[in-house]
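S.K.: The structure under discussion is supplied below as structure tokens; questions concerning it will follow.
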Amino acid sequence: AASAQLQLAVPVAVVFAPGSVPGDLPRPLPFRDVQEMEISVNLRTSITSRYETVYRSTTAQEEAALNVATAQEADAALCPLQDASLGSLTVYVVPETSSVLPQGVSVYVGKHRSALVRAGGNLATLRTRLRQLTQVMSFAASSIATALSDRVPDSQLGPDARRHLKSSLGYEITFSLLNPDPKSHDVDWDIEDAVNRYVQPVLDKLSLVANFSVDSQILYYAVLGVTPRFDKETSSFILSAHSLPHVINPVEARLGSSAASLYPVLNFLLYVPERSHSPLYIQDKDGAPVSTNAFHSPRWGGIMVYNVEAPGSPQASLPLHVDVDMVRVMEVFLAQLRLLFGLSREELPPDFLLESPGNEGLADWELDRLLWAHTVENIATVSTTLTSLAQLLDKIGNIVIKDDVASEVYQAVASAQSAMAELATGHLHSAFQASKEAVTSSERAFFDPSLLHLLYFPDDQKFAIYIPLFLPMAVPILLSLAKIVREARQRKKEPTKMD
Amino acid sequence: VTVENFLRVLTGRIPPSTPRSKRLLSDDRSNILIYMTGHGGNGFLKFQDSEEITNVELADAFEQMWQKRRYNELLFIIDTCQGASMYERFYSPNIMALASSQVGEDSLSHQPDLGIGVHLMDRYTFYVLEFLEEIHPASQTNMNDLFQVCPKSLCVSTPGHRTDLFQRDPQNVLITDFFGSVRKVEITTETVSLDSDLAGFESKLPKDELATEPLKYAEQLPVAQIIHQKPKQKDWHPPGGFILGLWALIIMVFFKTYGIKHMKHIF
């Protein structure tokens, strides 16, 4: 494996509102500070995080913005006043007793790139909160280790470290409606409208990360491969947690995907159970019903079960017309999309409050988190790919490298170096773009069709082929050479003889 | 199916025009099963009676796959004569291999069909299939049971296996890890809260039809290269190398034979 030393610089601004400056501050405001921390991934790979922090007091405008009733309003008012470049963070410190943060909440993370923190009485508490905050809003040792999961020995990784989608130039999203019982249910879903209203804003926000393409389909007579169990107590059908792993494969064969694109496909399935198996609920490991009635599979997509109310009277004419409530469905699908990308809001310290990103789907700092992880992953991938290519060339001496492969390699190296330089100076956006170019070039070089080596000739095969060919030819040549040598020697002796 | 195509699919070095269905789109979480059968010998397997794939080529292909993390774990089953020789050269991690016979032994076929006059199936494959038909998706049978399939009494040859490259203990590896397509799933507990009122998007008005060039198909077949229609105009280069040497030899022999001073008589 190739060695890599990466430096990730994060520009942070810590802004003190009046009354919040701790008494034991080392220097008077404003001042700069750099904190470096090393995250060692394995023997040859280490990441150094560099938090370049500027400590200063609020300007008059910021003071006015913080003088509002709730944290949401403060966040909205502060947004135009802060540094909006990708990867940067602004932390506003408010007095410990301030009422802008709700009771019991010490840190409020907004939906842009800023947070409100209670001063905490002394510098040590503030520093702890700041450290926790930067780990949530930019990156932590665990997220870096996950991004570099190729290099981390398996024993050190958590069991779920490899479940997030790998960094790719694009993703294809397919929404499928599965109707196994069209005789009973005539299901109508306005997917185009739902995608334009709810999904497209999220994808537009994610467009920095990758290209997305969306399509949808309706499949009839597509059943789940598992028969649900009938539960008498609730008179409903149950899909238990341990039967869920077997659901995906039988249905996957019918899903199809675009033949032209090579991007990973994310499938979101909406399953309307048959009349005879309604209502159908999913149970988790403890037997409790799942509120979303949905489950997802890492790197694949998600499935949601949509139950249709039984007809009021048994004489109601079949098929029943069903208009799917797309808001409810998209709330689940978009949550699954976030989870597939690794944007989870679950593991947080208890006194943190996160603002909901609303229809945008993800906060700006969550986008930054994705970009940090993907940039690091891209650079590591480029390094591994090029090293492996070099090793291949060392091993198979007679591979021919075409000019365009060589130029792709040079470009990959240049882009990777540029990405590393940009990361070290805190320009996340340009670092990410450079890392994408580097990955594209290195993949093109590595997977070039001309590099297939079918030229393995073991030594014994070489002897077996060439000896029968050249030995008979060589015999008269060798004999004549021997004759010439003998004659030359005789001629040398002759003059002495004649005299 | 040629050796080249097989290695191309494994290593991913395919031309860009190859459709998705002909590619191995695996990543570092994919478990791959490779099953090969046919005629083989010590260190090779025959393809279509005209080509061979050697154990070293296969091992190198697997290493190329490992370098790009195109597999998580790989199960390689081979049913040919001297099958164990094919897995001797593997050196990449996370590969488990089974073979129907050791080096120096022949794998035999199971039963002939007297009506058609050919043998229908190989012994090892027959008993492995019989074993696998008992496995259902929720089965907890592990790899050690697969290693016991087809002992010498039934198979006449001695099946072999190789697990030293595999990181997990075969006792803990379920058959369904490779055969059942049992997926890892998680219950979705989070939802995103969407505000349907806010989502009033400007309805996508049809954009003004930009005058675009009429679309046409990309060149599917490089016809001009296949049918040489016009000889390419090559620039004249002075003759080099072999031709120059040959002419120099002819001229030298000529002058040696006839002598320089006779030149004026000829011209």
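S.K.: Find all pairs meeting these conditions: Cβ atoms under 9 angstrom apart; at least six residues apart or on different chains; first residue within the range A:134-151 and under 14 Å from A:Val10 (Cβ atoms); second residue of a type in the set (Gly, Ala, Ser) and assigned to a helix (DSSP H, G or I).
M.R.: A:Gln135/A:Ala141; A:Gln135/A:Ser142; A:Gln135/A:Ser143; A:Phe139/A:Ala147; A:Phe139/A:Ala373; A:Ser143/A:Ala373; A:Ile144/A:Ala373
S.K.: Quick check: anything in the range A:291-300 surrounded by fewer than 18 Cβ atoms within 10 Å (Cβ to Cβ) and not assigned by the TED database to the domain that holds A:Thr128?
M.R.: Going through the range A:291-300, the residues surrounded by fewer than 18 Cβ atoms within 10 Å (Cβ to Cβ) turn out to be A:291.
Filter once more, keeping what is not assigned by the TED database to the domain that holds A:Thr128: A:291.
Checking the range A:291-300: at least one residue is surrounded by fewer than 18 Cβ atoms within 10 Å (Cβ to Cβ) and not assigned by the TED database to the domain that holds A:Thr128.
Rundown of residues vs (1) touching an Asp or Glu at 6+ places or on another chain (Cβ under 8 Å); (2) among the polar types (S, T, N, Q), yes/no style:
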| site | (1), (2) |
| --- | --- |
| A:Pro11 | yes, no |
| A:Gly19 | no, no |
| A:Asp24 | no, no |
| A:Val34 | yes, no |
| A:Leu43 | no, no |
| A:Ile47 | yes, no |
| A:Thr59 | no, yes |
| A:Ala64 | no, no |
| A:Glu73 | no, no |
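S.K.: (1) away from chain A (no Cβ under 14 Å); (2) within 25 Å of B:Ile175 (Cβ to Cβ): which one isn't true of B:Asn94, the others all being true?
M.R.: It is condition (1) that B:Asn94 fails.
S.K.: Does the range B:75-96 contain at least one residue that is free of Cβ contacts under 8 Å to residues at least 40 places away in the same chain and under 16 Å from the mean Cα position of the chain (by Cα)?
M.R.: no
S.K.: Tell me, which residue of the range A:353-371 that is touching a helix residue (DSSP H, G or I) at 6+ places or on another chain (Cβ under 7 Å) and within 8 Å of chain B (Cβ to nearest Cβ) is nearest to A:Gly87 (Cα to Cα)?
M.R.: Looking at residues that are touching a helix residue (DSSP H, G or I) at 6+ places or on another chain (Cβ under 7 Å) and within 8 Å of chain B (Cβ to nearest Cβ), I get A:Gly361.
S.K.: A follow-up question, please. Would you be able to say whether some residue in the range A:385-396 is part of a loop (DSSP other than H, G, I, E, B) and touching a residue at least 40 places away in the same chain (Cβ under 8 Å)? It would help to see each step written out before you state the result.
M.R.: Taking the range A:385-396 and keeping what is part of a loop (DSSP other than H, G, I, E, B), we get A:396.
Subset that is touching a residue at least 40 places away in the same chain (Cβ under 8 Å): A:396.
Yes, the conditions are met somewhere in the range A:385-396.
S.K.: Which one of these is out of contact with any Asp or Glu (no Cβ under 9 Å at 6 or more places or on another chain), touching a residue at least 12 places away in the same chain (Cβ under 8 Å), buried (at least 18 other Cβ atoms within 10 Å of the Cβ) and in a loop (DSSP other than H, G, I, E, B): A:Leu269, A:Leu208, A:Leu224? Steps first, please.
M.R.: On the way: A:Leu269 fails: in a loop (DSSP other than H, G, I, E, B); A:Leu208 fails: buried (at least 18 other Cβ atoms within 10 Å of the Cβ).
A:Leu224 is the lone residue from the list that is out of contact with any Asp or Glu (no Cβ under 9 Å at 6 or more places or on another chain), touching a residue at least 12 places away in the same chain (Cβ under 8 Å), buried (at least 18 other Cβ atoms within 10 Å of the Cβ) and in a loop (DSSP other than H, G, I, E, B).
S.K.: Quick check on the range A:305-338: of everything there that is closer than 15 Å to A:Ser278 by Cβ and not in a loop (DSSP other than H, G, I, E, B), which residue is nearest to the other protein chains (Cβ to nearest Cβ)? Lay out the reasoning, then the answer.
M.R.: Of the range A:305-338, the ones closer than 15 Å to A:Ser278 by Cβ are A:305-312, A:314, A:316, A:318-320, A:322, A:324.
Next, from what is left, pick out any that are not in a loop (DSSP other than H, G, I, E, B): A:305, A:320, A:322.
Numbers: A:Val305: 11, A:Leu320: 24, A:Val322: 19 Å.
It comes out as A:Val305.
S.K.: On the given criteria, is A:Ser430 in a helix (DSSP H, G or I) and within 14 Å of another protein chain (Cβ to nearest Cβ)? Can you show your working first?
M.R.: On the way: in a helix (DSSP H, G or I): yes; within 14 Å of another protein chain (Cβ to nearest Cβ): no.
In short, no.
S.K.: What do you reckon, is A:Ser407 over 17 Å from the mean Cα position of the chain (by Cα), at pLDDT 90 or above and more than 11 Å from chain B (Cβ to nearest Cβ)?
M.R.: Numbers: over 17 Å from the mean Cα position of the chain (by Cα): yes; at pLDDT 90 or above: yes; more than 11 Å from chain B (Cβ to nearest Cβ): yes.
Criteria met by A:Ser407.
S.K.: Would you be able to say whether some residue in the range A:251-264 is part of a strand (DSSP E or B) and more than 8 Å from every other protein chain (Cβ to nearest Cβ)?
M.R.: Our first condition is that a residue be part of a strand (DSSP E or B); within the range A:251-264, this holds for none.
The answer is no, given that none of the residues of the range A:251-264 is part of a strand (DSSP E or B) and more than 8 Å from every other protein chain (Cβ to nearest Cβ).
S.K.: Next question. Assess whether A:Ser240 counts as being over 25 Å from B:Phe178 (Cα atoms) and either within 14 Å of chain B (Cβ to nearest Cβ) or surrounded by fewer than 16 Cβ atoms within 10 Å (Cβ to Cβ) (or both).
M.R.: Details: over 25 Å from B:Phe178 (Cα atoms): no; either within 14 Å of chain B (Cβ to nearest Cβ) or surrounded by fewer than 16 Cβ atoms within 10 Å (Cβ to Cβ) (or both): yes.
Here the answer is no, as A:Ser240 does not meet what is asked.
S.K.: Against the definition (hydrophobic (A, V, I, L, M, F, W, C) and within 20 Å of B:Leu7 (Cβ to Cβ)), how does B:Ile77 come out, yes or no?
M.R.: Details: hydrophobic (A, V, I, L, M, F, W, C): yes; within 20 Å of B:Leu7 (Cβ to Cβ): yes.
When the stated conditions are applied, B:Ile77 passes them.
S.K.: Quickly run through the range A:359-378 and pick out the residues that are polar (S, T, N, Q) and under 12 Å from the mean Cα position of the chain (by Cα).
M.R.: First pass over the range A:359-378, keeping only residues polar (S, T, N, Q): A:359, A:375, A:378.
Selection gives A:Thr375, A:Asn378.
S.K.: Let me ask something additional. Test of understanding: among A:Asp215, A:Asp231, A:Asp286, which residue is surrounded by fewer than 16 Cβ atoms within 10 Å (Cβ to Cβ) and closer than 14 Å to A:Leu177 by Cβ? Full working, then the answer.
M.R.: Numbers: A:Asp231 fails: closer than 14 Å to A:Leu177 by Cβ; A:Asp286 fails: closer than 14 Å to A:Leu177 by Cβ.
That would be A:Asp215, the only listed residue that is surrounded by fewer than 16 Cβ atoms within 10 Å (Cβ to Cβ) and closer than 14 Å to A:Leu177 by Cβ.
S.K.: Sort out for me the strands (runs of 3 or more DSSP E) sitting completely within the range B:10-59 that have 2 or more residues that are within 11 Å of another protein chain (Cβ to nearest Cβ). Write out each step before concluding.
M.R.: Working: elements: B:31-37, B:44-47, B:51-54.
Output list reads B:51-54.
S.K.: Next question, about the same structure. Among residues belonging to the range B:84-129 that are hydroxyl-bearing (Ser, Thr, Tyr) and not in a loop (DSSP other than H, G, I, E, B), point out the one that is farthest from B:Ser157 (Cα to Cα). Working first, answer last.
M.R.: Taking the range B:84-129 and keeping what is hydroxyl-bearing (Ser, Thr, Tyr), we get B:85, B:87, B:91-92, B:100-101, B:107, B:109, B:124-125, B:127.
Checking the rest, the ones that are also not in a loop (DSSP other than H, G, I, E, B) come to B:85, B:87, B:109, B:124-125, B:127.
Details: B:Ser85: 14, B:Tyr87: 17, B:Ser109: 11, B:Tyr124: 9, B:Thr125: 13, B:Tyr127: 13 Å.
Looking at the filtered set, the residue picked out is B:Tyr87.
S.K.: Would it be correct to say that B:Leu114 is more than 14 Å from chain A (Cβ to nearest Cβ), more than 30 Å from A:Asn359 (Cα to Cα) and over 30 Å from the mean Cα position of the chain (by Cα)?
M.R.: Values: more than 14 Å from chain A (Cβ to nearest Cβ): yes; more than 30 Å from A:Asn359 (Cα to Cα): yes; over 30 Å from the mean Cα position of the chain (by Cα): yes.
Taking the combined requirement at face value, the residue satisfies it.
S.K.: Further, regarding this structure: Under the condition of being surrounded by fewer than 19 Cβ atoms within 10 Å (Cβ to Cβ), within 18 Å of B:Thr189 (Cβ to Cβ) and of a type in the set (A, V, I, L, M, F, W, C), which residue from the range A:336-375 is modelled with the highest pLDDT?
M.R.: A:Leu354
S.K.: Residues that are within 12 Å of chain A (Cβ to nearest Cβ) and surrounded by 16 or more Cβ atoms within 10 Å (Cβ to Cβ), at least 1 per element: which helices (runs of 4 or more DSSP H) completely within the range B:130-186 meet that? Spell out the reasoning first.
M.R.: Details: elements: B:143-147, B:152-155, B:176-179.
Qualifying helices (runs of 4 or more DSSP H): B:176-179.
S.K.: So A:Phe230 fits all but one of (1) free of Cβ contacts under 8 Å to residues at least 24 places away in the same chain; (2) in a strand (DSSP E or B); (3) farther than 30 Å from A:Gly312 by Cβ; what number is the exception?
M.R.: Unmet for A:Phe230, out of (1) free of Cβ contacts under 8 Å to residues at least 24 places away in the same chain; (2) in a strand (DSSP E or B); (3) farther than 30 Å from A:Gly312 by Cβ: (3).
S.K.: Right, next: Quickly run through the range A:17-43 and pick out the residues that are out of contact with any strand residue (DSSP E or B) (no Cβ under 6 Å at 6 or more places or on another chain) and either of a type in the set (Gly, Ala, Ser) or surrounded by 13 or more Cβ atoms within 10 Å (Cβ to Cβ) (or both). Break it down stepwise before answering.
M.R.: The initial filter retains those residues of the range A:17-43 that are out of contact with any strand residue (DSSP E or B) (no Cβ under 6 Å at 6 or more places or on another chain), namely A:18-19, A:21-28, A:41-43.
Residues satisfying the conditions are A:Gly19, A:Val21, A:Pro22, A:Gly23, A:Leu25, A:Val41, A:Asn42.
The values are calculated or read from the model by the stated rules, or taken from the named source; none is laboratory data. No experiment lies behind these values; they were computed from the predicted model shown. In this analysis, Cβ positions are derived from the backbone assuming ideal geometry, glycine residues included, and neighbour counts consider all displayed protein chains.
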